[in-house]
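Laboratory data are not the source of any read-out in this text; all were calculated from the coordinates shown. The structure displayed is predicted, hence computed values, not measured ones. No Cβ is skipped: glycine too gets one built from the backbone with ideal geometry, and neighbour counts run over all protein chains shown.
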Amino acid sequence: MMDNTTTPLVGQKDFKYALSWSRLSDFLQCPRKFNHKYILKTPNFTVQEDSPHLTRGTNVHKALETYIVKKNAGQQDIPVSSLPEVETTKPLIDSFMSNFPVVTPEQQISVDHTWKQVEWFSKASYYRAIYDLVAISPKNVVIGDFKTGKFKDYSADAPGQLELSAAIAMNLWPDVDKVDTLYIYVDHKKTIKRAFTPKEDREYLTVHFMKLHEKVNAEITFDPTKNEFCNFCPATKLQCQFSRKL
């Protein structure tokens with residue numbers, strides 16, 4: 001399905017940590033948080049899997065994935081979902097399936113330091129991303145990320161998740177004319193879209209995320225960064241001098 005015929009830019013071959021956008025954004029927010037959450041795996045930094053918000057998001061994602069799978073199988077009598085946000089998102093999915101010959105859900109993508117695809121749990125994994133929706137035509141690839149909860153505008157201050165998704169996609173499909181990446185806010189029936197072309201954007205974004213990968217993997221001290229999210233951080237006073245916990 002993916003085209004790796006074009007030689008990609010090469011990153012560091014030997015590294016300690018494979019990254020995703022969530023890991024990278026945590027590091028950029030605070031290296032100490034990254035260290036506790038992903039390296040030390042400190043218990044109070046563990047994600048609560050039974051969180052109502054997380055459970056709801058998982059259920060919505062699974063229902064949308066199932067809808068795409070059934071549509072691809074040609075099923076006509078797909079039951080109405082009990083989740084209204086799923087029903088209001090179906091027309092958008094239908095439009096993709098009408099305009100793209102290939103639409104697939106829930107793609108786990110892992111690339112190595114040459115930006116070629118490898119197995120998800122490969123020791124060579126350099127960056128990982130989960131694409132909730134992938135629509136492919138000969139000239140255009142669209143990557144969709146379903147979002148539940150509060151609508152948030154997308155900052156253009158620095159490349160973020162949509163740019164990382166595009167960097168990976170442009171290395172996997174270097175011969176398309178355009179790669180579009182989308183946040184699909186299912187609760188609000190809104191999308192945020194960014195458009196990229198491999199010719200103009202691939203090298204810049206690939207190099208940008210290679211440099212960030214090198215920065216994370218070169219870190220030794222993991223010093224904390226005081227920021228607006230300190231109020232919500234689970235760190236204790238013993239773990240971080242900026243902690244707001246008693």
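The table that follows gives values for the structure above.
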{"item": "Residue count for the range 199-246, restricted to those that are under 30 Å from V141 (Cβ atoms) and of a type outside the set (S, T, Y)", "result": "17"}
{"item": "Residue match in the range 72-86 (condition: loosely packed, with under 13 Cβ neighbours inside 10 Å, touching a residue at least 12 places away in the same chain (Cβ under 8 Å) and on the phi < 0 side of the Ramachandran plot)", "result": "no"}
{"item": "Residues located in the range 87-104, provided they are surrounded by 14 or more Cβ atoms within 10 Å (Cβ to Cβ) and outside any helix (DSSP H, G or I)", "result": "F100, V103, T104"}
{"item": "Enumeration of residues in the range 136-167 that are over 20 Å from K190 (Cβ atoms) and either touching a residue at least 60 places away in the same chain (Cβ under 8 Å) or in contact with a Lys or Arg (Cβ under 9 Å, 6 or more places away or on another chain) (or both)", "result": "I136, K139, N140, V141, L164, A167"}
{"item": "Hits in the range 105-129 - residues which are surrounded by 15 or more Cβ atoms within 10 Å (Cβ to Cβ) and without any contact (Cβ under 8 Å) to a residue 60 or more places away in the chain", "result": "P105, E106, D112, V118, A124"}
{"item": "Residue count, the range 193-246 (criterion: assigned to a loop (DSSP other than H, G, I, E, B) and either buried (at least 18 other Cβ atoms within 10 Å of the Cβ) or within 20 Å of the chain's Cα centre (by Cα) (or both))", "result": "6"}
{"item": "Set D132, D187: member being acidic (D, E), touching a His at 6+ places or on another chain (Cβ under 7 Å) and either in contact (Cβ under 8 Å) with a residue 12 or more places away in the chain or not in a loop (DSSP other than H, G, I, E, B) (or both)", "result": "D132"}
{"item": "Matching residues in the range 171-184 - criterion: being among the charged types (D, E, K, R) and part of a strand (DSSP E or B)", "result": "K178, D180"}
{"item": "I168, sole failed condition from (1) more than 23 Å from H53 (Cα to Cα); (2) outside any helix (DSSP H, G or I); (3) among the β-branched types (V, I, T)", "result": "(2)"}
{"item": "Set K178, K193: member being touching a residue at least 12 places away in the same chain (Cβ under 8 Å) and within 22 Å of P91 (Cα to Cα)", "result": "K193"}
{"item": "Leading residue by the ranking (nearest to Q12 (Cα to Cα)) among those in the range 115-129 that are of a type in the set (A, V, I, L, M, F, W, C) and not in a loop (DSSP other than H, G, I, E, B)", "result": "V118"}
